[in-house]
Amino acid sequence: MGMPEIFAVDFEGTTRNGVWEFGLVQLDRRGIVNPLTEICAASPRTSFFLGKPRRPTQPPSGAKPFQEYFSLFKSLRKRGIFAAHRAQVELSLLRSAWPSPGFVPNFLEETIPSHRLTWGPCIDTFVLCRRYFPRAKTHTLRDAVESFCLGEELRALARKMCPPARDTFHCALFDAIGCALVLRQLLAAIPLTIAQAMEYSLTRERLQSQLQGNLF
């Protein structure tokens, strides 16, 4: 099976109220590329609350509900894997919208091609930071960016890629760019292969479940 593409993602929302903003970038040999972000229209499950920091009170005209982006996220998952800071939170938001992407490759199996019906496994930069830098006081995305001295690069990319007023932490595309930068640093500094990054992002129980869950 070929090397999977990596897509750093971030969602703003809750499993109860739905996703109201998403952001993603691709991490490859060119660097951090192909940014995409959308503020989603309200659906029966999505709420927009007045006064919430960094949250628009209303979606822009023509915005679509998050549920209409299934084809996008399925196509990304067929091409590769997602990376996120606290990936299980992001996966839970994906599953709350669509329990399964359908048949997609299981990139944990490097030699025998196999397929799954799950959005994961993902690379979790939070888990990797906690594993390799256990003495850090916290492992938030903000702290990881600062610890690796990535703040200036993150702000420079945000100026190019993020919409106006969406260029700070807890804005979806900004967080996705930050996750991609941290992952790039981890892969180079430790160093890690992509397969190792996926494996080490999982607990032993979750890893065994992923490997045993191959469909064919």
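Considering only alpha-carbon pairs that sit under 8 angstrom and 6 or more positions apart, the relative contact order computed for region 5-212 is 24 percent.
Listed peptides 89-95, 186-192 appear in the order 89-95, 186-192 once ranked by packing, highest mean of other Cβ atoms within 10 Å at the front.
Beta bridges from DSSP with both residues in region 5-212: antiparallel share about 75 percent, rounded to the nearest 5.
Cβ-to-Cβ counts within 10 Å put Trp98, Trp119, Trp20 in ascending order as Trp98, Trp119, Trp20, the fewest first. Of the residues Val104, Val182, the one with the fewest other Cβ atoms within 10 Å heads the list, and the complete ranking is Val104, Val182. You can think of it this way: the chain between Arg30 and Tyr132 has 34.1 nm of extra reach, that is 0.36 nm per residue less the Cα-Cα gap.
Principal semi-axes of the equivalent ellipsoid, √(5λ) from the alpha carbon gyration tensor of region 5-212, are 26, 22, 15 Å from largest down. Sorted ascending by nearby beta carbons within 10 Å, beginning with the fewest, Ser100, Ser201 become Ser100, Ser201.
Where a number appears in this text, it was derived from the coordinates with a stated rule and is not lab data. These numbers were taken from a predicted model, which means no experiment stands behind them. We place every Cβ from the backbone using ideal geometry, glycine too, and count neighbours over all the protein chains shown.
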